[in-house]
Amino acid sequence: MRMSKLFFQTLREAPADADVRSHQLMLRAGLIRQVAAGIFEYLPLGLRAKKKIEAVLRNEMNAIGGQEIVMPVVQPADLWKRTGRWYEIGDDLARLTDRGGRELVLGMTHEEVITELAAGVISSYRQLPVMLYQVQTKFRDEPRPRGGLIRVREFTMKDGYSFHASYASLDDYYPLVYQAYFNIFGRAGLEVIAVESDTGMMGGTMAHEFMALTEVGEDTLLLCDECGYKANRQVATFTKPEGGADAGEEPLPMEEVATPGVDTIAALADFLEIPQSQTAKALFLMATVEQDGEEKQQFVFVVLRGDMELNETKLSNALKARQLRPAQPEEIRAIGAEPGYGSPVGIRRENMILVVDDLVPRSPNLVAGANRDGWHIKNVNCGRDYEPDLVLDVVAAADGHPCPVCSAPLRSVRGVEVGNIFKLGTKYSEAMEAVFLDEDGKSAPLVMGCYGIGVGRLMASVIETSNDEDGIVWPITIAPQHVYLVSLATRRTPEVIEAAERVYADLMEAGIEVLYDDRDERAGVKFNDADLLGIPIRLTIGARGVKNGIAELKLRRDDDMHELPLDDLVDRIAEIVEAEEARVLDSIKTDPLQ
RNA sequence: CGGGGAGUAGCGCAGCUCGGUAGCGCGCUUCGUUCGGGACGAAGAGGUCGGAGGUUCAAAUCCUCUCUCCCCGACCA
């Protein structure tokens, strides 16, 4: 490809509304353009990188028996009604109506469609297991797209779905996908870790997320450097201490204490000069739950120890709540509690659930609110002064908490979820009546797994983790082009143009991907654009070199200059491309599946 | 949805307080000189100042409404 004809433009300055590094670089390098919030165009170079990633995806999916199909973006609402997700999912699901008044959705994922498809094709255990996948556009009307391609509304996803005759078969297959995912990310030059994750709206029994560790990530992960435990904060557990500072202490009589204007835990601990672990934190939430097929609002009172944070995912899962929101002050007062001074002691227990974190009953003599503005109660004891409805682990693991496996301190890091794998089970096959006949001639629902990778997000993550102050540093495996050929010709040096043209033609002839900078620009402009674009191999043809029969070679990833003889260039470049590819492949790291 | 910020040429910005011919840098076009890490000179093209109302002799500037984008939070298969 000739730069002089390439449809793009590099930018010296990053657009003001990009503040994530990968976003800035992709815009500056002319890989993408933004059309609307979370909606992007791919320009030629960006698309080439995207297609390289897709080629890796296809290759690895095919290697574990995947068969590629394509399903529609626009799907009938009826399918989504059958699984209930039409009702469960809120505004993230874009809905539209066709000319005949029929309701449609833009596919945000394809479980419904593929399960229906599988139901139509699969009738016997002899057809199982089978893995189907597609590389297709998804639309999710995210409330807040951000970070360029990190979080978007319209995106390309590789989504795969496996169908099995039994859970045992799914259990056998799942590790193959797990390994294929490491191969994919490794081949794309992205280091990831796999963490256990919440199964969320997908449902299912087991799930892993593949996370690229970077500060721009939206997920918090907890890692143990000692034993290797790692989990998304949403599901992470930790070894809870035996009790508070006063563990083992005898319960003391309750005592009211005036605390004017002290309506936060931090202020309370300061005011009474006690650690936050000696306080009780009261949280009031409204949960949307299903009861007898009806949606219902359920008031939830949660008591945590003051030094802990609520993990809403844990609570939500335990209550099987569809939604959780903070309760309004009038809702809180309706049960006889006072916002800012909430306490489980002396409240009206009708129409509410009192959930207590399991650390609270082990922590005697806590200071709780008095349900009265400006007052707290000392020496509140769970079990003596109030009876919880549920005692659960509902607190969030945080940096420094003891590992649940080995008790070493956990470390919290940020990560971008670039892929996920789920054991779905029969949730969708039952809803869609996707059944097969087993060996005994009995009808049974298909057992499913599903596996996703966001292509653009993967690309952004690679750039996010592989760049320097001058620009992108592409791994050669997914770089838009392998070679950036710089011609430093001027009008007085036609022999340089001639040599560069010949090298370009030879490289093309040999099937080597080359971006030829034939623009009438000064050397500095070309070198700076070369650095910005991040093509792995830079080849420079200048007057000096041509006189001596050499070209100059520099790899984007290091600072060393090399000289290559012009008459042996093509073979040498081919070797280097191969060596650089091998280098990426050699660095693939896999986490054992736990 | 809550909080904050911003919309003026392709990109980065000034002008707005105090109403009076729409500017600067980069990029783009043409010509000339230059040519190994973002050259120089000359001459140009390019903007309904996000949109709609209003106030005024006169609105980028003041008022009202509205749209869009970004950041933090809520949310997130």
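Before moving on, here are some points about what is shown:
- Rounded to 5, the percent of DSSP beta bridges in region A:481-586 classed as antiparallel: 50 percent
- Binned Cα-Cα distances of region A:1-156, short to long, each 10 Å bin given as a whole percent: 9, 28, 30, 22, 9, 1, 0
- All aspartates and glutamates inside 17 Å of A:LYS296 as judged from Cα atoms, apart from same-chain residues fewer than 8 positions distant: A:GLU88, A:GLU331, A:GLU350
- Amide H contacts of A:THR156: A:LYS138, A:VAL455, A:GLY456, each under 5 Å away and 5 or more positions distant or on a separate chain (H built 1.01 Å from N in the peptide plane; Pro and chain starts excluded).
- The Cα center of region A:246-284 and the Cα center of region A:1-66 differ in position by 54 Å.
- Cβ screening of chain A for cysteine pairs under 4.7 Å finds these without a partner: A:CYS382, A:CYS450.
- The coefficient of translational diffusion for chain A, derived via Stokes-Einstein from the alpha carbon Kirkwood radius under 10 °C and 1.306 mPa s, stands at 57 µm²/s.
- The slack in the chain from A:PHE7 to A:VAL130, taken as 0.36 nm per residue of separation less the alpha-carbon distance, amounts to 40.1 nm.
- A 1.4 Å probe run over the protein chains yields, for region A:139-209, 35 Å² of accessible area per residue, whole-number rounding.
- Over region A:481-586, accessible surface divided per residue gives 52 Å², non-protein components excluded, 1.4 Å probe.
- Global form of region A:207-343, assessed from the alpha-carbon gyration tensor, a/c cut-off 1.5: oblate
- Those residues of region A:135-158 whose amide nitrogen sits under 13 Å from the label point placed on A:GLU218, 7 Å along Cα→Cβ: A:140-155
- Per-residue ellipticity at 222 nm from helix content only, as computed over chain A with -39500 (n - 2.57) for each DSSP H run of at least four residues, stands at -8000 deg cm²/dmol.
- Principal-axis tilt of helix A:111-121 within chain A, Cα atoms, nearest 10 degrees: 70 degrees
- Calculated from backbone phi, Karplus (6.51, -1.76, 1.60) coupling profile of region A:14-26 in Hz, x at Gly/Pro: 6, x, 5, 8, 9, 10, 8, 3, 5, 5, 4, 5, 5
- Amide H contacts under 5 Å for A:LEU43, placed H, 5+ residues apart: A:ILE32, A:ARG33
- At R0 = 22 Å, FRET efficiency that the Cβ-Cβ distance of A:MET206 and A:GLN291 yields, to 0.05: 0.20
- Burial ranking of peptide ranges A:92-105, A:566-579, A:447-460 (average Cβ count within 10 Å, highest at the top): A:447-460, A:566-579, A:92-105
- The peptide list A:418-425, A:377-384, A:552-559, A:288-295, put in order of mean Cβ contacts within 10 Å with the highest first, becomes A:418-425, A:377-384, A:552-559, A:288-295.
- Local net charge near A:ARG372, Cβ-Cβ under 13 Å (Lys/Arg +1, Asp/Glu -1): -3
- A cut-off of 5 Å between modelled amide H atoms, ignoring neighbours fewer than 5 places along the same chain, links A:MET108 with A:PHE139.
- Note on surface exposure: A:ASP389, A:ASP19 rank A:ASP19, A:ASP389 by accessible area, highest first, 1.4 Å probe.
- Prolate/oblate/rounded label for region A:382-468 (Cα gyration tensor, a/c 1.5): oblate
- A:ASP17 paired with A:ILE39, simple spin-label distance in nm, labels 7 Å along Cα-to-beta-carbon: 1.3 nm
- For region A:148-163, the Karplus equation 6.51 cos²θ - 1.76 cosθ + 1.60, evaluated at θ = phi - 60°, returns couplings of x, 7, 5, 9, 10, 9, 9, 7, 9, 10, 8, 10, x, 9, 10, 10 Hz by residue, with Gly and Pro reported as x.
- Solvent accessible area, Å² - A:ARG414, 1.4 Å probe, full protein context: 90 Å²
- Dividing the C-alpha radius of gyration of region A:277-370 by 2.2 N^0.38 Å, with N its residue count, gives 1.06.
- Using θ = phi - 60° and Karplus 6.51 cos²θ - 1.76 cosθ + 1.60, couplings along region A:382-396 (whole Hz; Gly, Pro as x): 5, x, 8, 9, 7, 10, x, 7, 9, 10, 9, 8, 10, 9, 8
- Only protein heavy atoms count here; under a 1.4 Å probe, A:GLU387 has an accessible surface of about 110 Å².
- Heavy-atom accessible area ranking, 1.4 Å probe, most first, across A:PHE210, A:PHE139: A:PHE139, A:PHE210
- Among beta bridges that DSSP assigns inside region A:52-199, antiparallel share in %, nearest 5: 85 percent
- Summarising the strand pairing of chain A, around 80 percent of its internal DSSP beta bridges are antiparallel.
- For region A:255-392, the solvent-accessible area of protein heavy atoms averages 46 Å² per residue (probe radius 1.4 Å; ligands and nucleic acids excluded).
- 18 Å Cα-Cα reach of A:LYS158 towards lysines, excluding residues that sit fewer than 8 places from it in its own chain: A:LYS50, A:LYS51, A:LYS52, A:LYS138, A:LYS423
- Whether region A:451-534 is rounded, prolate or oblate, judged on the alpha carbon gyration tensor where a/c under 1.5 counts as rounded: oblate
- Heavy-atom accessible surface of region A:481-586: percent carbon and sulfur, 1.4 Å: 45 percent
- Peptides A:525-534, A:481-490, A:343-352, ordered by how many other C-beta atoms sit within 10 Å of their residues on average, highest first, read A:481-490, A:525-534, A:343-352.
- Accessible-area composition of region A:380-425, carbon plus sulfur, in percent [1.4 Å probe]: 50 percent
The values are calculated or read from the model by the stated rules, or taken from the named source; none is laboratory data. The structure displayed is predicted, hence computed values, not measured ones. Cβ coordinates were reconstructed from backbone atoms using ideal geometry, including for glycine residues, and neighbour counts include every protein chain displayed. Quick note on the areas: whole protein, heavy atoms, side chains included, nothing else; ligands and nucleic acids left out. Shrake-Rupley method; radii C 1.70, N 1.55, O 1.52, S 1.80 Å.
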